Amino acid sequence: MPNKDYISNSVIRRLPRYYRFLGQLQKEGTTKISSAELSARMKLTASQIRQDLNCFGGFGQQGYGYNVDILRREVGVIIGVERKIKTVLIGAGNLGKAFASYFDFPKYGCELVGIFDIDPQLVGAEIAGIPIDNMTKLTAFCAGENPEIAVLCIPKNSAAEVCEMLVENGVKAFLNFSHYDINLHFDGIITENVHMGDSLLTLVYNVNNRGK
């Protein structure tokens, strides 16, 4: 298998799409698919699909295509969904509550092990069977559970202090809804920034400029 240090970020970002589309094919009862057929589904070229998968050794057979079950399982192994990385959620307000309640963490390779907030009206309640703890307990919790991922559903003005605390306690990656620029202040931390407003504005622009 090629050295993963040389796999581009663009290829890595396409892996979840492969995993999702292959899952849809499984639900439809499809057992095998060619790179051409998969390309039509994903709006990628067949050549791009072959190149992406060849970064990890390639999984198709000439004249047969790809076995859907095997390929999805292998892509899952590449991503690491079987590991179930311990994850904490910071901020149990409306967004945090919705995310913890409805997002299937195990399906995506994570295990939600803790939820934290500073609001005394929220602390002590449960979301999806997990108690909401006070932020004062976060350091001790991290020492015992060693979470590696944190989901931030907190205001931007609170994020700097929280990020520093989490990084000091071993958190390596963030799913960041706070709009705080984590990477500007913490080197080597993996961050996925979620800007729902940006996505909506992109839709608005495309609708307003459709056909122009």
Checklist entry - Does GLY170 qualify as being surrounded by fewer than 14 Cβ atoms within 10 Å (Cβ to Cβ), without any contact (Cβ under 8 Å) to a residue 12 or more places away in the chain and not polar (S, T, N, Q)? => result no
Next on the checklist: Being surrounded by 18 or more Cβ atoms within 10 Å (Cβ to Cβ) and within 30 Å of LEU152 (Cβ to Cβ) is true for just one of VAL11, VAL75, VAL68. Which residue is that?
Outcome noted: VAL75
Checklist entry - Out of all the residues in the range 89-105, is one or more among the aromatic types (Phe, Trp, Tyr), exposed (fewer than 14 other Cβ atoms within 10 Å of the Cβ) and not assigned by TED's automatic domain parsing to the domain that holds PHE186? => result no
Next on the checklist: So, SER35, is that one under 24 Å from the mean Cα position of the chain (by Cα) and either without any contact (Cβ under 8 Å) to a residue 12 or more places away in the chain or surrounded by 16 or more Cβ atoms within 10 Å (Cβ to Cβ) (or both) or not?
Outcome noted: no
Item to check | Selection count, the range 120-144, where residues are under 17 Å from VAL162 (Cβ atoms) and either surrounded by 16 or more Cβ atoms within 10 Å (Cβ to Cβ) or in contact (Cβ under 8 Å) with a residue 60 or more places away in the chain (or both) | outcome: 8
Checklist outcome for this item: All conditions in (1) farther than 30 Å from VAL77 by Cβ; (2) in contact with a helix residue (DSSP H, G or I) (Cβ under 8 Å, 6 or more places away or on another chain); (3) of a type in the set (A, V, I, L, M) are true of ILE90 except (1)
Item to check | Candidate set from the range 82-115 (those that are part of a loop (DSSP other than H, G, I, E, B) and small (Gly, Ala, Ser)); member that is nearest to GLU148 (Cα to Cα) | outcome: GLY109
Next on the checklist: Suppose we keep only residues that are part of a loop (DSSP other than H, G, I, E, B) and of a type in the set (Gly, Ala, Ser) within the range 13-61. Which one would you say is farthest from LEU71 (Cα to Cα)?
Outcome noted: GLY29
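The values are calculated or read from the model by the stated rules, or taken from the named source; none is laboratory data. Fair warning: this is a prediction, and the values are worked out from it, not measured in the lab. As a convention, Cβ positions derive from the backbone with ideal geometry for all residues, glycine included, and neighbour counts pool all protein chains shown.
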